[in-house]
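As structure tokens, the structure follows; a few thoughts come after it.
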Amino acid sequence: MSPFPRVAYAALSRYAPDRRSIEVDLSDNTNRWGTHPAALAIIREAEAEDLTQYPAVYADALKEAVAARFRIPVESVTTGCGSDDLLDSAFRAAGEPGERIAFPTPTFSMVEIFARMNGMEPCAIAGTAGVDTGRLLAIEPALVYLCRPNNPTGELAPRERIHELLGKIGSDGPIVIVDEAYADFADDELVEEAASSDRLVVLRTLSKAYGLAGLRVGFGVGPPEVILELEKSRGPYKVSRLAEKAAVAALRAEDGWVQSVVAEVRAERNRLPDRAEHGSPGNEKAKSR
């Protein structure tokens, strides 16, 4: 008889964000300018059936909106309850219990937790400057995880290193997960490449630039055969009816709202180091939109 709890779970504790009372809390990186107006309008116009009826099994309308937004085949798109959900699903789909997951460190804190939850061995490779393809592949992992831009350091792994990694893997090596939760704020993304690749999967979220953290909407893009396995692992009904409607409206909107938010975030980001060094006026309030 198997022990309870599972051995892999014995060392885990419930997720705790370790909140402390401070003047400005940036730890969640949520949108300081609010929620995408098109998504907010959908929520305000909600009908009873949006709550009484089950959502679409695999959020097909959201898949189609993502495919149209990035000009990729819909078969290359999956969806989930935030990109965390898809990361968890990818770990289950990519390898057997006991196999290894390689990732540079420091990085997104949930990677090691998801690995252990799924009975896999997390293998942290020190240093995030660039991507050390040799060290990541030396342990013969079932999956390689890269956060780009990296959370929490903000580093953007060079595109050529991603290509180098994929070239070494070939068509039958480990799956490469590139977490692009913050790609809206960078100048480089790999979504289109993931759709035409053999082993690359890119994960995205609408929690940040679109201001939909409370709705938990994420999507993944990759080769259709890999996406199918993620959906088997993910299970049905992960995106609620309201969340899907709101996300679709936000993705389809052509009002420039996201672009303006991103531009303001970049401008404020460039000012932050100087303000942190010299201090900021105590009565200044965050801008709202």
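The values are calculated or read from the model by the stated rules, or taken from the named source; none is laboratory data. In this text the structure is predicted, and so the values were computed from the model without any measurement. Glycine also receives a Cβ, built like all others from the backbone with ideal geometry; neighbour counts cover every protein chain displayed. With ligands, DNA and RNA removed, areas are computed over all heavy atoms of the protein, side chains included. Shrake-Rupley method; radii C 1.70, N 1.55, O 1.52, S 1.80 Å.
Looking at R275, R241, R252 in this structure, which one is at pLDDT below 95 and among the charged types (D, E, K, R)?
R275
May I ask you to list the residues in the range 233-245 that are open to solvent by 10 Å² or more (accessible area, probe 1.4 Å) and over 23 Å from E96 (Cα atoms)?
Y237, K238, S240, R241, L242, E244, K245 - these are the residues of the range 233-245 that are open to solvent by 10 Å² or more (accessible area, probe 1.4 Å) and over 23 Å from E96 (Cα atoms).
Does the range 158-172 contain any residue that is outside any loop (DSSP other than H, G, I, E, B), open to solvent by less than 10 Å² (accessible area, probe 1.4 Å) and closer than 19 Å to R92 by Cα?
No, the conditions are met nowhere in the range 158-172.
Please specify each residue of the range 99-141 satisfying the condition of being of a type in the set (A, V, I, L, M), over 23 Å from N29 (Cβ atoms) and assigned to a strand (DSSP E or B).
I101, A102, I125, A126
When you check L230 against the structure, is it in contact (Cβ under 8 Å) with a residue 24 or more places away in the chain and either hydroxyl-bearing (S, T, Y) or open to solvent by less than 30 Å² (accessible area, probe 1.4 Å) (or both), yes or no?
yes
Identify, please: which residue in the range 30-47 is part of a loop (DSSP other than H, G, I, E, B) and open to solvent by less than 70 Å² (accessible area, probe 1.4 Å) and is, among those, nearest to D255 (Cα to Cα)?
My answer is H36.
With the condition kept exactly as written, say whether any residue in the range 257-265 is touching a strand residue (DSSP E or B) at 6+ places or on another chain (Cβ under 7 Å), in a helix (DSSP H, G or I) and at pLDDT below 95.
no
Answer yes or no: is there a residue in the range 228-238 that is within 15 Å of the chain's Cα centre (by Cα), within 30 Å of G95 (Cβ to Cβ) and in a helix (DSSP H, G or I).
So far as the range 228-238 goes, yes, one or more of its residues are within 15 Å of the chain's Cα centre (by Cα), within 30 Å of G95 (Cβ to Cβ) and in a helix (DSSP H, G or I).
Considering only the range 209-227, state which residues are open to solvent by 30 Å² or more (accessible area, probe 1.4 Å) and either at pLDDT below 95 or more than 11 Å from the chain's Cα centre (by Cα) (or both).
A213, G214, L215, P224, E225
Which residue out of V248, V261 is touching a helix residue (DSSP H, G or I) at 6+ places or on another chain (Cβ under 8 Å), touching a residue at least 24 places away in the same chain (Cβ under 8 Å) and either closer than 23 Å to W33 by Cα or buried (at least 17 other Cβ atoms within 10 Å of the Cβ) (or both)?
Going through V248, V261 in turn, the sole match is V248.
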